[in-house]
1. Of these, GLU118, GLU179, GLU145, GLU136, which one is modelled with pLDDT of 90 or more and under 25 Å from the mean Cα position of the chain (by Cα)?
2. Run ALA161 past the list (1) under 28 Å from GLU66 (Cβ atoms); (2) in a helix (DSSP H, G or I) and report the number of the one that doesn't hold.
3. Here is a list of conditions, (1) out of contact with any helix residue (DSSP H, G or I) (no Cβ under 8 Å at 6 or more places or on another chain); (2) among the charged types (D, E, K, R); (3) surrounded by 13 or more Cβ atoms within 10 Å (Cβ to Cβ), and LYS128 meets all of them except one; can you say which number that is?
4. Just to check your reading of the model, which residue among LEU156, LEU149, LEU175 is surrounded by fewer than 10 Cβ atoms within 10 Å (Cβ to Cβ), aliphatic (A, V, I, L, M), more than 30 Å from LYS85 (Cα to Cα) and free of Cβ contacts under 8 Å to residues at least 60 places away in the same chain?
5. When you scan the stretch 76-96, how many residues do you find that are surrounded by 14 or more Cβ atoms within 10 Å (Cβ to Cβ) and over 17 Å from GLN124 (Cα atoms)?
6. Determine whether GLU80 is over 30 Å from ASP185 (Cβ atoms), acidic (Asp, Glu) and at pLDDT below 90.
Amino acid sequence: MQKIQQIILIVFGLAIIALFFIVFNLDHKGTNSINNTNIKDTTINRHHKIAFVNVDTLLKKYEFYEVLEKKLLDKQKSLENDLNKKMSDFEKEAQAFQRKVQTNSFLSQESAQRQEQELMIKQQNLYKLREQLSNELAQESQNLEKQLLDTVTNFLKEFNASKKYDYILNKAALLYGDEALDITDTLVNLLNQRYKAISK
């Protein structure tokens, strides 16, 4: 048993020595080429003209966004008011039905069952309507977001027509960026000027 352990230790020892020589030789031979590659990549990256935009700030200050947001909120409020009125009418009907049941005001059992069925169908329809309105609002929100994104994207193409920048990045995706490269305020001012001109 001890012989087997000794053989295993010797094999592992030889393997470690062999790995040491391999790594040492690779490191010694590859140092210059690795360093040269890094220097070359850095040099290439220095030639790229980069800017970034704080999209959250841009949206808060962009007047067109405020208009779209108000439009969506107005629609949401209108749909909610309509749904709330229908729900309130249904609740009144349901309460009236309960009073009739408690006071035995129905002419027959069949009449009570028929009205109960009608109320259940109305309730199901209200649930469907609520879901439909929720989907409608979500779709409207997506459409408005797409409209806004298209507007900003098209403007960026015009803004960068001179190829001043190779990349315009979203600040939210950056871990670090030199504040001198932030063109948010410039874009906001230009977008608002353009929007006011189009609105007039």
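The values are calculated or read from the model by the stated rules, or taken from the named source; none is laboratory data. On a predicted model such as this, the values are computed, not experimentally measured, just so you know. Please note: Cβ atoms are built from the backbone with ideal geometry, for glycine as well, and neighbour counts cover all protein chains shown.
1. Sole residue among the options that is modelled with pLDDT of 90 or more and under 25 Å from the mean Cα position of the chain (by Cα): GLU136.
2. So the condition that ALA161 fails would be (2).
3. Failing condition for LYS128: (3).
4. Answer to the selection: LEU175.
5. Looking only at that region, the number is 2.
6. It is false that GLU80 is over 30 Å from ASP185 (Cβ atoms), acidic (Asp, Glu) and at pLDDT below 90.
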